[in-house]
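One structure below.
The values are calculated or read from the model by the stated rules, or taken from the named source; none is laboratory data. These numbers come from a predicted model, not from an experiment. Neighbour counts run over all protein chains shown; Cβ positions are idealised from the backbone, glycine included.
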2 protein chains.
Amino acid sequence: MAQQGDGVRRAPLSRERVLRAGVALADEVGIAAVSMRRLAQELGVVPMALYKHVANKDELLDGMVDVVIGEFEPPDPDLDWKAAVRRRVLSARRAVLRHPWARQAIESRTRRTPAVLGYMDAVAGTFRAGGFSADLTHHVMHALGNRIWGFSPELFDEPRGAESPAPSPEEQQAREAEFAQRYPHVLEIAVAATQGDLSGVGGGCDEQFEFEFALDLLLDGVDRLREQGWTSRAARSAVAPG
Amino acid sequence: MAQQGDGVRRAPLSRERVLRAGVALADEVGIAAVSMRRLAQELGVVPMALYKHVANKDELLDGMVDVVIGEFEPPDPDLDWKAAVRRRVLSARRAVLRHPWARQAIESRTRRTPAVLGYMDAVAGTFRAGGFSADLTHHVMHALGNRIWGFSPELFDEPRGAESPAPSPEEQQAREAEFAQRYPHVLEIAVAATQGDLSGVGGGCDEQFEFEFALDLLLDGVDRLREQGWTSRAARSAVAPG
DNA sequence: ACCTGAACACCGTTCAAGT
DNA sequence: ACCTGAACACCGTTCAAGT
């Protein structure tokens, strides 16, 4: 039964629809709760039916990342290389922030799909057009690392959703005193980051500022190398001549 | 039966032993194959027994990362800040390379254990001792990101273990031609990276060189900021005055 | 009081039996 | 030829029943 009974979900399955449903489900319940079975249920379909559109769960996740990449906006082609890279990466960032699971999915995927390669090619092409050698472009891409996807790793804890039942004020104070003694420098930079508001260590720092700080540091750094005609051959032989 | 029958595994369980066994198992079979049940079996113990030493699987993984952090070697205290950070990070890199699963485990963990905080405190302390303000130190740590753990993200495919049955030479050539047309810049930088040896795109690049390139780029960049007396307040008001 | 086997509520994926 | 229910070989974790 329920074969043609409920009549609500009649749109035929397709890879596109499976992937979009995967993205929507991950947006709603988090990536950890996305399973083949749960996704099938969401689509009103038997789990096995998904296997006609994706080979396995890995391919599903790859495809979901591709959907996010599809949301990246290409920058105005008239921009100079630095502005173009900035815009492209900040557009990627907006997409990744819209899909909180995407960061972890991108980090754990190793498969390079056409969408992934296409994006990397566009970024590399921007550097090449800006006068970077293929050699330097390669190293620059490595230096940017996952920042080309618009995110940098979480250094500190994610803000916690009150999992422990709120310690008493005096216990809280004792804990902070111990923290200050054991990790004085971490405390210090957390204070510097939040101008004194310590609601959860590391909780209140301006991630967007950090991202752009690091991005510009890297772009300015490689710009300088480009101007100097840096090559990896010269860099290697400077360390180990011969 | 087997309660006292086999006599081989009699060392009493402890958190230490559980974590070390977890590390050894992950080294052997990969992190994906590490399950509570499998680990218990490896220790000659019923799965439930592990729960006396770790609260759950998340805590097991956190503990395993802590074991790896325990292998980091603190640098000679007489080194200047840049050399000290370099040594520390490169020591972390050696440990992470010894445990290939550690990279992914560190990326996916969000819990900040005492071991994690202790290491971050040491790195932050090195910058502070080198004349960096707490403010700049904070931004520098963010810019380094996961590179303080000794790894940078994989940009290209991991070398694949012949999963497809080796295409025919002409098919291989057709595939390469299509790749060259669709992703010319990716191809170009792959060629530049490997000096023409393209056994698997992106396969043969010198990751250690890339890592040190990016590390030095960042350290030199922040050194310049330190000399200039950079502050985030000034940087912010340069963008949006007032 | 301690320990643990069985059970619960899931997984991804295969495959044989049905139409 | 197509489709799919049941099954396989797993998970992490709970809990009640046993000693």
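For residue A:60, the stated conditions hold: it is surrounded by 14 or more Cβ atoms within 10 Å (Cβ to Cβ), of a type outside the set (Asp, Glu) and not assigned by TED's automatic domain parsing to the domain that holds residue A:148. Against the test of being among the hydrophobic types (A, V, I, L, M, F, W, C), at negative phi, away from DNA strand C (no atom under 16 Å from the Cβ) and more than 14 Å from chain B (Cβ to nearest Cβ), the options A:67, A:140, A:85 yield a single qualifying residue, A:67. Beta carbons closer than 6 Å, at least 6 apart along the sequence or on distinct chains, pair a first residue in segment A:52-64 that is within 14 Å of another protein chain (Cβ to nearest Cβ) with a second that is within 16 Å of DNA strand D (Cβ to nearest atom) and of a type outside the set (Val, Ile, Thr) for A:57/A:36. Just so you know, in segment A:25-38 the residues that are part of a helix (DSSP H, G or I) and touching a residue at least 12 places away in the same chain (Cβ under 8 Å) include one that is nearest to residue A:100 (Cα to Cα), and it is A:27.
For first residues located in segment B:99-120 and within 7 Å of another protein chain (Cβ to nearest Cβ), partners that are hydrophobic (A, V, I, L, M, F, W, C) and in a helix (DSSP H, G or I) and lie 6+ apart or on another chain with Cβ distances below 7 Å form the pairs B:104/B:31; B:117/A:186; B:120/A:186.
Of the residues B:137, B:110, B:126, which single one is polar (S, T, N, Q), more than 11 Å from the chain's Cα centre (by Cα) and not in a helix (DSSP H, G or I)?
Sole residue among the options that is polar (S, T, N, Q), more than 11 Å from the chain's Cα centre (by Cα) and not in a helix (DSSP H, G or I): B:110.
On the given criteria, is residue B:32 under 23 Å from the mean Cα position of the chain (by Cα), modelled with pLDDT under 95 and within 12 Å of DNA strand C (Cβ to nearest atom)? The answer is yes for residue B:32. In segment A:215-236, the residues that are at the interface with another protein chain (Cβ under 9 Å from one of its Cβ atoms) and touching a residue at least 12 places away in the same chain (Cβ under 8 Å) form no Cβ pair under 6 Å with any partner that is assigned to a helix (DSSP H, G or I) and exposed (fewer than 15 other Cβ atoms within 10 Å of the Cβ), whether six or more places apart or across chains.
Is it the case that some residue within segment B:35-57 is farther than 30 Å from residue B:126 by Cβ, surrounded by 14 or more Cβ atoms within 10 Å (Cβ to Cβ) and more than 16 Å from DNA strand C (Cβ to nearest atom)? Within segment B:35-57, none of the residues are farther than 30 Å from residue B:126 by Cβ, surrounded by 14 or more Cβ atoms within 10 Å (Cβ to Cβ) and more than 16 Å from DNA strand C (Cβ to nearest atom).
Is there a residue in segment A:211-233 that is at pLDDT 90 or above and more than 23 Å from residue B:224 (Cα to Cα)? Yes, the conditions are met somewhere in segment A:211-233.
Of these, A:126, A:113, which one is surrounded by 15 or more Cβ atoms within 10 Å (Cβ to Cβ), at pLDDT 95 or above and of a type in the set (Ser, Thr, Tyr)? Walk me through it before giving the result.
Details: A:113 fails: at pLDDT 95 or above.
Step by step, each of A:126, A:113 is checked, and only A:126 is surrounded by 15 or more Cβ atoms within 10 Å (Cβ to Cβ), at pLDDT 95 or above and of a type in the set (Ser, Thr, Tyr).
Would you check which residues across segment A:121-137 are touching a residue at least 24 places away in the same chain (Cβ under 8 Å) and within 7 Å of chain B (Cβ to nearest Cβ) and list them?
Pass one, segment A:121-137, residues touching a residue at least 24 places away in the same chain (Cβ under 8 Å): A:122-123, A:126-127, A:129-133, A:135-136.
Passing the criteria: only A:135.
Within segment B:50-79, restricting attention to residues that are acidic (Asp, Glu) and in a loop (DSSP other than H, G, I, E, B), which residue is farthest from DNA strand D (Cβ to nearest atom)?
Ranking the candidates gives B:78 first.
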